[in-house]
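Trainee: After the structure tokens below, expect a handful of questions from me.
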Amino acid sequence: MEYYREGWAQTLDPHFKELKLQEELEEHVRYLAGKIGERNYQSYHNLQRTISYICEYWARVGYQVQAQHYEVDGRQFTNLWVEIEGSTRPQEIVVVGAHYDSVVGTPGADDNASAVAGLLALSGRAHGKRGECTLRFVAFANEEPPFFMSPTMGSLVYARGCQARGDDIQAMVCLEMLGYYCEKQPETLGLLPERGDFIALVGNPQSEELVKRAARAFHQTVKFPLQAAAPCTNLVPYASFSDHWSFWQCGYPAFMVTDTGPMRNPHYHLPSDLPETLDYERMTMVVFGVEGVLQALRDCHDLQNE
């Protein structure tokens, strides 16, 4: 396992001002986890309301929304995406994605309305701005149990579709829980700092260079505590616990951006995972940092081997 910390900012940027972005992120979270609430295969109506919310947002921005439908036990589930075609290397694709379902019994403010909010805000800010590679924003169905790491997990269905088409995905950025920060982590496994005030970039050994590149771009964009690692997932199983895992299964380099969820957030997978528990100022800084990562990746030559 390798961690990459040296020379990176460990304090918040006192001059950071992105109030409009912060307001948008909080609005998305409060709608998804507050007005809609629990959204999954058991709360199927709310899952459909979430699909409508995402589609309506993207349509208002000016995107043409694409959908991949698939069936599980007689019910239809849907992955959604929009993209900005690259200017010089459109066949090369950078994917950023987040799952929009919540686990049964929780409104899922951090897991995963915070990440969907980030996905939507990033897509809105990117609209009309072309880079060298194609930038694709994807909202995945069915990340949570009983679909997790199964053939019906939305991101695995999507990644296998990309593989079958021969999509040249140079990098996949998985947004997974972006909004919870605390002074002390309940559990560190002896690997992470005791303070839960950082964001983590987590890949696998095959994605190590991508993680390093993303970490540099994040640091150059915003001053925010950052930890980045590319561990062997048999040693740190949590490192694979989201939609980036699906892209690994199809041979694509991918990493997760996360607040470390169950290692930090006492509301994880509980009814108390509510919008008012999140730190929107820190969440905004993280999303702004991810924006810098995406800009660097979509304009970087030879992402996998440089």
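Trainee: Are any of the residues in region 223-232 small (Gly, Ala, Ser), modelled with pLDDT of 95 or more, surrounded by 22 or more Cβ atoms within 10 Å (Cβ to Cβ) and under 26 Å from residue 93 (Cβ atoms)?
Mentor: The answer is no; no qualifying residue exists.
Trainee: Restricting to region 96-106, give me the number of residues that are touching a Ser or Thr at 6+ places or on another chain (Cβ under 9 Å) and either part of a loop (DSSP other than H, G, I, E, B) or over 24 Å from residue 170 (Cα atoms) (or both).
Mentor: Looking only at that region, the number is 5.
Trainee: Say whether the condition of being touching a Cys at 6+ places or on another chain (Cβ under 8 Å) and at pLDDT below 95 is met by at least one residue in region 236-243.
Mentor: The answer is no; no qualifying residue exists.
Trainee: Using the structure shown, decide if residue 36 is out of contact with any helix residue (DSSP H, G or I) (no Cβ under 9 Å at 6 or more places or on another chain), more than 25 Å from residue 255 (Cβ to Cβ) and surrounded by 17 or more Cβ atoms within 10 Å (Cβ to Cβ).
Mentor: no
Trainee: Step by step: first the residues of region 130-146, then only those that are out of contact with any helix residue (DSSP H, G or I) (no Cβ under 7 Å at 6 or more places or on another chain) and modelled with pLDDT of 95 or more, then the one that is surrounded by the fewest Cβ atoms within 10 Å (Cβ to Cβ). Which residue is that?
Mentor: Checked region 130-146; the qualifying residue surrounded by the fewest Cβ atoms within 10 Å (Cβ to Cβ) is 146.
Trainee: Out of the residues in region 39-70 that are touching an Asp or Glu at 6+ places or on another chain (Cβ under 7 Å) and in a helix (DSSP H, G or I), which is surrounded by the fewest Cβ atoms within 10 Å (Cβ to Cβ)?
Mentor: 46
Trainee: Being assigned to a strand (DSSP E or B) and either farther than 26 Å from residue 249 by Cα or of a type outside the set (A, V, I, L, M, F, W, C) (or both) is true for just one of 160, 125, 130, 136. Which residue is that?
Mentor: 136
Trainee: OK, next. Of the numbered conditions (1) surrounded by fewer than 24 Cβ atoms within 10 Å (Cβ to Cβ); (2) at pLDDT 95 or above; (3) over 23 Å from residue 253 (Cα atoms), residue 191 fails exactly one; give the number of that condition.
Mentor: Going through the list (1) surrounded by fewer than 24 Cβ atoms within 10 Å (Cβ to Cβ); (2) at pLDDT 95 or above; (3) over 23 Å from residue 253 (Cα atoms), residue 191 breaks only (2).
Trainee: Yes or no: residue 73 among the acidic types (Asp, Glu) and either closer than 24 Å to residue 207 by Cα or crowded, with 24+ Cβ neighbours inside 10 Å (or both)?
Mentor: Spelling it out, it is not the case that residue 73 is among the acidic types (Asp, Glu) and either closer than 24 Å to residue 207 by Cα or crowded, with 24+ Cβ neighbours inside 10 Å (or both).
Every residue, every condition in (1) β-branched (Val, Ile, Thr); (2) in contact (Cβ under 8 Å) with a residue 12 or more places away in the chain, yes or no:
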position	(1), (2)
60	no, no
66	no, yes
84	yes, yes
93	yes, yes
109	no, yes
119	no, yes
169	yes, yes
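The values are calculated or read from the model by the stated rules, or taken from the named source; none is laboratory data. Quick caveat, the model's predicted, so the values are computed rather than measured. Cβ: placed from backbone, ideal geometry, glycine included. Neighbour counts: every protein chain shown.
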